[in-house]
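The values are calculated or read from the model by the stated rules, or taken from the named source; none is laboratory data. Given the structure is predicted, the values throughout are model-derived calculations rather than measurements. When we count neighbours, we look across all protein chains shown, and the Cβ atoms used for this are built from the backbone with ideal geometry, even at glycine.
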Amino acid sequence: MISRRRLLAAGASTLAFPAQAQSVTSLKAVAAAKGFVFGSAAASYELKDADFVPLLLAQTAQLVPEYEMKRDALEIQPGVYDFAALDSLFAFARRGGLSMRGHTLVWYYANPKWLTPLLAARRDEKLLTGHIQAVLRRYPMESVDVVNEALAPPGTAARADGLRPSLWLDAFGPGYIDTAFHAARAAAPGTRLVYNEWGFEQGAVENDRFRATTLRFLDGLLKRGVPLDALGMQGHLSAFGNRVDQRKLRDFVAEIRARGLALLITELDVEDIGGPSDIAARDRAVADEARRFLDVVLDSPATQAVLTWNLSDRYVDAPDEWKLKLMGWRFRKTPYDTQMRRKPLWDAMAQAFAGRRVFY
Ligand code: XIL
């Protein structure tokens with residue numbers, strides 16, 4: 001037993017720990033016992049929330065910036081960086097003993113306004129690699145999403161190679177992805193390099209096609225010797241829409257493992273739009289869908305991390321959802337409610353984690 005005095009001496013006195021955060025059970029502890037990391041996305045302003053900080057510290061072993069590592073949040077003018085918010089996230093993680101995951105270096109979205117015209121005019125590879133170096137040399141990270149969402153989403157028209165239109169594709173052609181990974185490896189040899197995507201989890205025909213396209217895409221990278229360590233599977237699930245297909249997901253995870261790649265679940269949350277207004281029923285459906293997903297992905301030794309896209313419904317924030325929020329819809333996507341109480345999703349996660357076979 002650790003005495004209260006020793007806890008205070010260890011610096012815990014500055015935080016008001018809510019009763020449940022003191023519980024011996026934490027998702028990070030259950031995950032660690034089964035050989036993987038549990039973490040969550042967060043933003044720097046959330047670190048001022050005295051209800052929330054104890055939860056993060058008690059429950060998570062890894063942090064990923066929800067948006068403050070995106071390029072539009074960092075590089076305000078060409079070559080001029082504002083690292084203040086990101087510095088505070090990294091400092092928090094260091095003090096709390098959490099590792100960091102990076103998200104994201106190269107994306108079609110969330111770029112500063114000045115970048116597209118400059119890139120089109122110059123086609124200078126340094127506009128790609130310079131940013132990768134600036135971020136990776138400043139921050140130690142366990143893993144990083146080098147490229148995010150380079151493929152055209154399931155169900156949309158795509159080129160033969162499946163790539164999504166983007167400023168990077170326009171400027172450099174498909175080779176921008178290889179260039180980005182090589183630059184990342186050179187800048188941070190000890191960091192796991194990740195390709196991060198969504199659309200693998202569900203059973204629709206367009207997801208079938210997307211899984212096949214992704215495997216071809218990954219095979220191309222590996223054949224060319226691109227330094228890729230892991231696939232990031234975002235895990236944005238939907239309790240009342242396109243549901244997880246366990247058999248197809250299992251086969252896909254086996255394909256990833258067969259390629260020698262690790263699998264990281266990078267942005268787990270469960271959309272509850274379309275569900276009943278009865279909150280208890282919605283919470284149950286959200287929990288069940290997450291459980292169906294986690295039981296499959298955790299049944300492979302390839303899976304080495306699970307991160308939720310925020311830990312509490314207090315901070316559910318997605319660009320398309322503000323209208324629903326205004327109409328009074330209360331999202332129930334994360335393991336804790338807005339009052340920082342555990343929800344059925346938390347229990348489902350803890351049970352799925354605890355039920356994992358030990359592979360290591
Ligand atoms: C979202 C964030 O949650 C929002 O706060 C932000 O406004 C837009 O981006 N896939 C990703 C994430 O890789 O970066 C996205 O995050 C959600 C979808």
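Brief remarks follow.
- Residue tally, condition in a loop (DSSP other than H, G, I, E, B), at pLDDT 95 or above and polar (S, T, N, Q), over segment 21-44: 1
- Conditions (1) part of a helix (DSSP H, G or I); (2) free of Cβ contacts under 8 Å to residues at least 60 places away in the same chain; (3) polar (S, T, N, Q): number failed by T213: (2)
- Between F200, F252, the distinction of being away from the ligand (no atom under 16 Å from the Cβ) and within 22 Å of R291 (Cβ to Cβ) belongs to F252 only.
- Selection of segment 51-69 for residues being within 14 Å of the ligand (Cβ to nearest atom) and buried (at least 20 other Cβ atoms within 10 Å of the Cβ) yields V64, P65, E66, E68, M69.
- Hits in segment 218-233 - residues which are touching a residue at least 40 places away in the same chain (Cβ under 8 Å), crowded, with 18+ Cβ neighbours inside 10 Å and within 19 Å of D208 (Cβ to Cβ): L218, M233
- All of T179, T214, T156 fail the test of being closer than 26 Å to E271 by Cα, polar (S, T, N, Q) and surrounded by 15 or more Cβ atoms within 10 Å (Cβ to Cβ), apart from T214.
- Residues satisfying the stated conditions in segment 173-212, i.e. under 17 Å from A258 (Cβ atoms) and out of contact with any helix residue (DSSP H, G or I) (no Cβ under 6 Å at 6 or more places or on another chain): Y195, A212
- If the condition is being within 16 Å of Y336 (Cβ to Cβ), touching a strand residue (DSSP E or B) at 6+ places or on another chain (Cβ under 9 Å) and aliphatic (A, V, I, L, M), then segment 34-58 contributes A41, A42, A43, L55, L56.
- Of all residues in segment 244-302, those that are among the polar types (S, T, N, Q) and over 15 Å from G199 (Cα atoms) total 2.
- Here segment 308-326 is the region considered, the condition is being hydroxyl-bearing (S, T, Y) and buried (at least 22 other Cβ atoms within 10 Å of the Cβ), and the residue that is farthest from E267 (Cα to Cα) is S312.
- Residues considered: D313, D347. Of these, the only one that is away from the ligand (no atom under 15 Å from the Cβ), of a type outside the set (A, V, I, L, M) and touching a residue at least 24 places away in the same chain (Cβ under 8 Å) is D347.
- Qualifying position, being crowded, with 18+ Cβ neighbours inside 10 Å, touching a helix residue (DSSP H, G or I) at 6+ places or on another chain (Cβ under 9 Å), without any contact (Cβ under 8 Å) to a residue 40 or more places away in the chain and closer than 30 Å to Y360 by Cα, among S40, S26: S26
The rows are residues; the columns are (1) surrounded by 15 or more Cβ atoms within 10 Å (Cβ to Cβ); (2) out of contact with any strand residue (DSSP E or B) (no Cβ under 9 Å at 6 or more places or on another chain).
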residue	(1), (2)
V244	yes, no
E255	yes, yes
E267	yes, no
R292	yes, no
T303	yes, no
G328	no, yes
T338	yes, no
K343	yes, no
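- Residue within segment 318-330 that is touching a helix residue (DSSP H, G or I) at 6+ places or on another chain (Cβ under 8 Å) and either within 16 Å of the ligand (Cβ to nearest atom) or of a type in the set (D, E, K, R) (or both) present: yes
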